[in-house]
Structure formats: C-alpha cells, structure tokens
1. Applying the selection to segment 373-390, what residues are away from the ligand (no atom under 16 Å from the Cβ), surrounded by 14 or more Cβ atoms within 10 Å (Cβ to Cβ) and outside any loop (DSSP other than H, G, I, E, B)?
2. What is the number of the single condition among (1) within 17 Å of PHE68 (Cα to Cα); (2) aliphatic (A, V, I, L, M); (3) buried (at least 16 other Cβ atoms within 10 Å of the Cβ) that MET220 does not meet?
3. Suppose the filter is of a type in the set (Phe, Trp, Tyr) and touching an Asp or Glu at 6+ places or on another chain (Cβ under 7 Å); does TYR206 pass it?
4. Enumerate the pairs (first residue in segment 14-32 and on the phi < 0 side of the Ramachandran plot; second residue anywhere and part of a helix (DSSP H, G or I) and among the acidic types (Asp, Glu)) with beta-carbon separation below 7 Å, excluding pairs fewer than 6 apart on the same chain, so at least 6 apart or on different chains.
5. Restricting to segment 98-150, name every residue that is touching an Asp or Glu at 6+ places or on another chain (Cβ under 6 Å) and assigned to a helix (DSSP H, G or I).
6. Just for segment 283-302: of the residues that are loosely packed, with under 14 Cβ neighbours inside 10 Å and of a type in the set (A, V, I, L, M), which one is farthest from PRO40 (Cα to Cα)?
7. Quickly run through segment 275-325 and pick out the residues that are outside any helix (DSSP H, G or I), within 18 Å of PRO168 (Cβ to Cβ) and not hydroxyl-bearing (Ser, Thr, Tyr).
8. Quick one: what pairs do we get from segment 354-367, first residue within 13 Å of the ligand (Cβ to nearest atom), second among the basic types (Lys, Arg), C-beta under 7 Å, 6+ apart or different chains?
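What follows draws every value from the coordinates through simple rules; no lab data is involved. What you see is a predicted model; the values in this text were computed from it and never measured. As a convention, Cβ positions derive from the backbone with ideal geometry for all residues, glycine included, and neighbour counts pool all protein chains shown.
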Amino acid sequence: MQNLSNRTASFTDSVIRRMTRVSMEFGAINLSQGFPDFDPPKPILDRLAEVAEQGPHQYSVTWGAQNFREALAAKQSRFMGRPIDPDTEIVVTCGSTEAMMAAMLTVTNPGDKVVVFSPFYENYGADAILSGAEPIYVPLEPPVFRFDPEKLEDAFRQRPKAIILCNPSNPCGKVFTREELDIIAGLARKYDAYVITDEVYEHIVYAPHRHVYMASLPGMAERTISCSSLSKTYSITGWRLGYIIAAPEVVDHARKVHDFLTVGAASPLQEAAVTGLRFGDDYYRDLAALYTEKKMLFMKGLDDLKIPHTDPEGAYYVLLDISEFGFESDVVFCEKLAQHVGVGAVPGSSFFREPENRYIRLHFAKKKDTLEAALERLSSMRKKMSGLRG
Ligand code: GLN
C-alpha cells in the first residue's frame, strides 16, 4: 500500500478531546474538554422545535444564512463598536475550529511564519502544520502570563504573516489588557502582519477585567480576522456555529476556503440560533454573572484543598499546579486522576511549547451539583494520587 499523506504525521489527535473519551471510560466527572452540562437558553430550544417543523432543512447560502448574518452583524457591531456589513464582512463556519483553520489557510502560504503565544489552545499547532505555516512561539510566563514585549518584537522581526491571539485565553484565563493589545497592534502595524483572533470566551470575563476586541483598536479592523462562535456564549457547543468577521477582501478569500471545506454550517441550527443573537444586553450580563458564581464556587473548593492554582480573568479554565505529586508525566497523572479520583482533566503539557509538566487544566462550565461532586472527589486527590506516581 502507498504511504498515507505525511500532513498529519507530526501531530497526535487532540489530547483535550481524548480526555473526554478517557473520562467516559472511567465514569469520571469530565472537567477536561470545556463544554457545559446545562441546557442552552429555553427560547433558543423553543425556536429549534419550531424550525424542526418549518425548516429550513436544506443548505443555506454557503457563507451563512442571510438572517443569521444580519443578526450576528447587529450583535457584534454593538459589542465590537464598529458597523459590520453582514453581506461582505462575515463568513459563518462550522464552529470557530473551522473559522481558525480557514483564517490560517486564507492568510498563510506554506513556509510563512505565524506567532503563537504559549500556552496555547492545542488546535493552533495542528492548524499551523496543516496549512504549512511555521509557528514562532512567544511565552506567556506563568504564573501571571504576561509577555515580554521585547521577545514579541523579536518574533515580529522574523516577519510573520500573522499572530494568533486567543483572548480571553484558553488555557491560562488571561484577558489581555488594552495596553497589551496596543503593543500587539503596534507591532502588527509596524511589521505588516495580520492578527487572527480566537474570541470564543468574549462574554465570559470576570470583573474588573474587560474584553477589548482587537478589531476595535485604531487601524486594526482591516488587519484583524476575528474568529469566534456561539458555542460558549449560548451553551451550544454541539451546534458547531462559528464565524469569521474581517475586511471584505479577506472575507472573499476565507469564503472560498470555507466553501470547499464544509459548504456551510447547519441551516436549521443557524435559524434557531438567530433567537440568541437577538438577545438584549442583560443576557450577556447574566451569563458573566453565572460564570462568576461558578468560578467562585470552584476556586473556593480548590483553595480548601490547598492545591495551588491560577485565578482566571476570563474563560472557564483553571490550571492546577501538581508539582507536589512528583509525576514525571502529566498525561499519566490525568489518566490516573480519571481512573482513581474520578475527575477528568487535561494535561497542561498539551498547551505549552516549553517542556512544562506541572499543570493540569480543569474547567468549571458545569452545574453547581456537578462542580460540588467533582470537588468532593478531588478532596481525596492528595491521598489517592500520592501513592500512584508512575
Ligand atoms: N475549547 C474547548 C477546550 O479547550 C474544546 C473545544 C473543542 O474540543 N472543540 O476544552
């Protein structure tokens, strides 16, 4: 038999998604892959039931149904602070996973460089490899996850085509300040690079932190490819509704990539999700308040266990420092944690470029009961894991 393509040879399947399977295998409470265990808003589900009867059930326009794009443009214009044209500046994709991949394929040629902050959401590594781009990693130094502007400029001196910016950041929970974004924007303008954002946690931010959209900075709308999704905002991760918002010339290219990759996002789900896109500002305030409560509950529980952990400014992940357990491999630690303690986590090494082995990532996008049950199980972690060093 001929060899298969070597395009995928240098990366593994997603560790995040593998840990969901490991959690299922051991009946662990799955705090690995980030998704809620509570229902989406009722009005969206009611609308979905109507759509099941009335349609649409056939393809929408490849770059997104007209009414979905109009509702999205109205909502994002409000939050991003600039008028977005639904006809020329939006591509609706199958989740932000496709949006990010399409953005990379739109911007880069094989051999081009892309700046990626480390730790990073693991898809970016595979996105870069699949598009033939070469990542230049710039560390966000734990425990505060700041970047060194000098190191960032060194990376830009290598003339990257783009920088990937996950803000609020998965897995470290960083919300980039206006000043930090100004530095990144200044370098992107100075070295003529695009900024590809992943802003799926745009509405999950903890006071006093505030999400600032890169595209809203002076001169940045034309060079920012804003990727995001409805997954986290409306608790519909399985609906796979994401999007790119960018300048019309960029969108023209991205639409071609998208058209041949997937044709389009599911049309009945776009129709039902319009209901969510039309929610008023109070919905987003309530969402932030809900996650603030979850964060407080979970942080308090972890504090009681006296395991050192990060304090996220946004998104819904927390990194626990497991150095005290002395495991050589955080992957083995997570497997044993799922098996013996009954909680699913993601090994931190899958997010870091650096040889980092001291973190595991848990998420708290779960019902109060689930979080309490997980904390209860974690209370035996020190006892159970200390004897298991493998
Ligand atoms: N963003 C989620 C996480 O980091 C998962 C997203 C996905 O698996 N597509 O866990």
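1. ALA373, LEU375, ARG377, LEU378, MET381, ARG382, LYS384, MET385
2. Of everything listed in (1) within 17 Å of PHE68 (Cα to Cα); (2) aliphatic (A, V, I, L, M); (3) buried (at least 16 other Cβ atoms within 10 Å of the Cβ), MET220 misses just condition (1).
3. Details: of a type in the set (Phe, Trp, Tyr): yes; touching an Asp or Glu at 6+ places or on another chain (Cβ under 7 Å): yes.
Yes.
4. Sorted first by the residue in segment 14-32, then by its partner, the pairs are VAL22/GLU335.
5. If we filter segment 98-150 for residues that are touching an Asp or Glu at 6+ places or on another chain (Cβ under 6 Å), which is where we start, we get 100-101, 104, 113, 133.
Hits for segment 98-150 are MET100, MET101, MET104.
6. So, considering only residues that are loosely packed, with under 14 Cβ neighbours inside 10 Å and of a type in the set (A, V, I, L, M), the one farthest from PRO40 (Cα to Cα) is MET296.
7. Passing the criteria: HIS309, ASP311, PRO312, GLU313, GLY314, ALA315, VAL318, LEU319.
8. PHE364/LYS294; PHE364/LYS295
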